[in-house]
Amino acid sequence: MWAFFPGAIALLGSVFLIMLRNRTKKPIKSSPEPSREKQSLPVKDEPGVYKSGLLLSDDEKVIEKVFPEIHTIWDVFNRGLKESKDGPCVGTRQDGHYHFRKYSEVLKESTDFASAIIGELETKPGTKLILLLFS
């Protein structure tokens, strides 16, 4: 009886490999791409508002905000700081691995930068200042 054991193991292993190979050949279903004419669709009862062509049903609502408490990019940054528990924020790399700076480092750099600009502009304390930077 034990003489057939290696052959049985080989047979079962071969059947398993054949089943595994055939299973991975099945195509992965993806969502249908919208035609070029319908990449965006008008939202019902909202003139001038459009949604993705992938949302074919009128019942599918447009998401205005992922998080209702987020209104500005500053809110996004603060949420990232809180959720990541001062984790990695931005990263750079020359050749090889990324080097990340923590949220607290980026916050300090941005605060120092803003303080330097306010100092250069010689603004008085309590003055409301809106500064836009483009790069």
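Values in this text are rule-based calculations from the coordinates and carry no lab data. None of the values given here were measured: they were computed from a predicted structure. Because the Cβ atoms are built from the backbone with ideal geometry, glycine has one as well, and the counts that use them run over all protein chains shown.
Brief remarks follow.
- Each label point was placed 7 Å from the Cα along the Cα-to-Cβ direction; for Asp58 and Leu17 their separation is 5.8 nm.
- For Glu69 and Ser35, a Förster radius of 30 Å and the Cβ-Cβ distance give a FRET efficiency of 0.20, rounded to the nearest 0.05.
- Those aspartates and glutamates that a straight Cα-Cα span of less than 18 Å connects to Lys61, excepting residues fewer than 8 apart in one chain: Asp45, Glu46
- Each Lys and Arg contributes +1 and each Asp and Glu -1, all at the Cβ; summed about the Cα centre of region 73-121, the dipole is approximately 220 debye.
- Over 30 Å (Cα to Cα) - which of Lys65/Lys102; Lys51/Lys102; Lys38/Lys65; Lys65/Lys85 fall in this group: Lys51/Lys102
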